[in-house]
1. Let me know the number of lysine pairs in the chain closer than 17 Å at the Cα, not counting same-chain pairs under 8 apart.
2. How many Å³ per residue does the convex hull of the Cα positions in region 48-128 occupy?
3. Return the Cα extents of region 1-91 along principal axes one, two and three, sorted largest first, each rounded to a whole Å.
4. Place the peptides 86-95, 122-131 in order of packing, highest mean first, counting for every residue the other Cβ atoms within 10 Å and averaging per peptide.
5. So between I114 and H30, what do we pick up on full extension, going 0.36 nm a residue minus the alpha carbon distance?
6. For volume of the Cα convex hull per residue in Å³, which listed value, [x] 189; [y] 131; [z] 215, comes from the coordinates shown?
7. In nanometres, what is the gap between the two model label sites at A59 and Q123, each 7 Å from Cα along Cα-to-Cβ?
8. Per the helix-only calculation at 222 nm, which mean residue ellipticity applies to the chain, given -39500 (n - 2.57) for every DSSP H run of n ≥ 4 and division by its residues, nearest 500 deg cm²/dmol?
Amino acid sequence: MFGRKRVGLTIITTIITSSSSVLSVYLFYHLFDVELRLSEIVAALIIPLITTPIVLHYAMKQHQKIHDLEKDIVIQSAALGAYKNATQASNHIINNLMNVFQLFMFKLQRKQEISDELIENFQDNLQAASQQMKVLNQIENPLESGQYHGIYPDGNAPASKGEKRDRED
């Protein structure tokens with residue numbers, strides 16, 4: 001955490017702070033015509049020598065904590081995006097199947113004949129859903145563009161584009 005530049009800057013800052021402290025004490029005492037004691041000069045020199053590195057160390061620690069928190073936020077945002085993409089893709093697949101199930105239910109409730117075409121459509125949807133689930137299970141980086149070919153026509157999940165996808169089926 002402490003590189004040569006940081007140590008050098010701490011030393012320079014400490015010297016400047018100590019020098020300005022001694023100079024300020026001297027000027028104020030001289031301005032108000034008060035006799036300056038050696039102990040006051042020593043205090044004006046020593047106190048900044050002690051406090052400046054402590055304050056700088058604390059500030060650098062706080063900066064490191066903020067940096068670590070920012071990294072955690074990025075990681076959590078990526079994880080949330082991955083979860084959102086996987087959830088939306090699963091929802092898309094299930095929604096397609098539910099549409100066909102609803103059509104079956106509608107026909108059964110109305111006691112209408114279920115055509116061979118509808119059964120074939122249902123079987124095609126089951127196979128497509130199975131294939132889409134395989135694609136979904138093989139995705140290694142859910143936030144990477146184009147990972148969702150076979151699930152969405154353009155290959156991009158809605159969360160990776162930052163927009164809501166209208167249902168296509």
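Every number in this text was worked out from the coordinates using simple rules, so none of it is lab data. Values in this document were obtained by computation on a predicted structure and should not be read as measured data. Neighbour counts run over all protein chains shown; Cβ positions are idealised from the backbone, glycine included.
1. Summing the qualifying lysine pairs gives 4.
2. 72 Å³
3. Ordered largest first, region 1-91 gives principal extents of 83, 29, 15 Å.
4. My ranking of the peptides, most packed first, is 86-95, 122-131.
5. 19.7 nm
6. [x]
7. 7.5 nm
8. -27500 deg cm²/dmol
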